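So the structure is just underneath, and the comments pick up after that.
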Amino acid sequence: MIKLHDLTPSEGSNKRGKRKARGIGGKGGKTAGRGTKGQRARNTVPVGFEGGQMPLTQRVPKWRGFTNPFRVEYQAINLDTIESVGGDEVSPESLLESGLVSKGALIKVLGRGELTRAVTVRAHAFSKAAESAITAAGGSVEIVAKPWGDRRPPHGSFNQHTNR
């Protein structure tokens with residue numbers, strides 16, 4: 001019977017790694033390809049370190065990603081959820097009472113599912129599919145004003161875009 005310790009890779013498939021910095025015999029000995037002396041020879045430099053200069057990944061925001069401080073996040077509520085809630089009026093307050101959204105959340109109604117009854121839906125935003133489905137079922141759509149009015153949303157954090 002073959003055991004786990006008997007398994008070996010086929011001949012020539014695994015090449016042995018170079019044993020660098022293991023004495024002066026053969027290649028890769030003594031300084032091990034690091035030159036002589038200095039910070040980089042002593043393995044103490046973090047990857048991407050530029051001697052105290054602002055690193056490239058921080059200088060160029062597009063390389064590492066960018067967070068829009070004015071992003072508006074909505075909590076999605078679908079038509080099938082509105083159907084299951086019951087009642088003839090759905091508002092942010094009623095959704096909060098039923099535990100479907102969190103306090104102070106902006107609500108967007110999306111078009112998944114079907115609506116079989118006339119419902120008045122009040123929310124901060126609607127998808128086109130949801131709006132047409134609600135009106136087709138005989139209901140009505142009311143857009144609730146956002147807490148910051150008709151201007152841009154407040155910034156999410158204090159950063160370089162705060163004062164613009």
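Any read-out appearing in this document is the output of simple, stated calculations on the displayed coordinates, not a laboratory observation. None of the values given here were measured: they were computed from a predicted structure. Glycine gets a Cβ as well: all are built from the backbone with ideal geometry, and neighbour counts include every protein chain shown.
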Checklist entry - Can you tell which of 37, 128, 15 shows the greatest fluctuation in a Gaussian network model of the chain with Cα springs below 10 Å? => result 15
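Give me the Kirkwood hydrodynamic radius of the stretch 103-156, using the inverse of the mean 1/r over all pairs of distinct Cα atoms, in Å to one decimal.
Working: mean 1/r = 0.0818 Å⁻¹.
After inverting the pairwise mean of 1/r, the radius is 12.2 Å.
Around residue 121, what is the net charge, scoring Lys/Arg as +1 and Asp/Glu as -1 over all other residues with Cβ under 15 Å from its Cβ? Write out the running numbers ahead of the final one.
Numbers: positive: 108, 112, 117, 122, 128; negative: 80, 83, 88, 89, 93, 114, 131, 142.
It works out to a net charge of -3.
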Checklist entry - Fewest first, what order do 5, 155 take by the number of other Cβ atoms within 10 Å? => result 5, 155
Next on the checklist: Using helices alone, I'd like the mean residue ellipticity at 222 nm for the chain: each DSSP H run of four-plus residues gives -39500 (n - 2.57), total over residue count, nearest 500.
Outcome noted: -4000 deg cm²/dmol
Next on the checklist: Show me, for the stretch 33-40, the HN-Hα J-couplings you get by feeding each phi into the Karplus relation (A = 6.51, B = -1.76, C = 1.60, θ = phi - 60°), rounded to Hz, glycine and proline as x.
Outcome noted: x, 9, x, 10, 6, x, 4, 6
Checklist outcome for this item: Karplus ³J(HN,Hα) for the stretch 133-149 (6.51 cos²θ - 1.76 cosθ + 1.60, θ = phi - 60°; Hz, whole; x = Gly/Pro) runs 5, 5, 5, 5, 7, x, x, 9, 10, 10, 8, 7, 5, 6, x, 9, x
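Looking at the P(r) of the stretch 26-66, how many percent of alpha-carbon pairs lie beyond 15 Å?
Numbers: 472 of 820 pairs.
Of all Cα-Cα pairs in the stretch 26-66, 58 percent lie more than 15 Å apart.
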Item to check | Nonlocal amide H pairs with residue 119, under 5 Å, H built at 1.01 Å | outcome: 139, 140
Item to check | Kirkwood Rh in Å, taken over the stretch 74-143 so that all alpha-carbon pairs contribute | outcome: 11.6
Item to check | Estimated D of the stretch 8-155 in µm² per second, where Rh is the Kirkwood radius over Cα pairs and Stokes-Einstein applies at 20 °C, 1.002 mPa s | outcome: 100
Checklist entry - Taking the Cβ-Cβ separation of residue 118 and residue 152 as r and a Förster radius of 45 Å, what is the calculated FRET efficiency to the nearest 0.05? => result 0.80
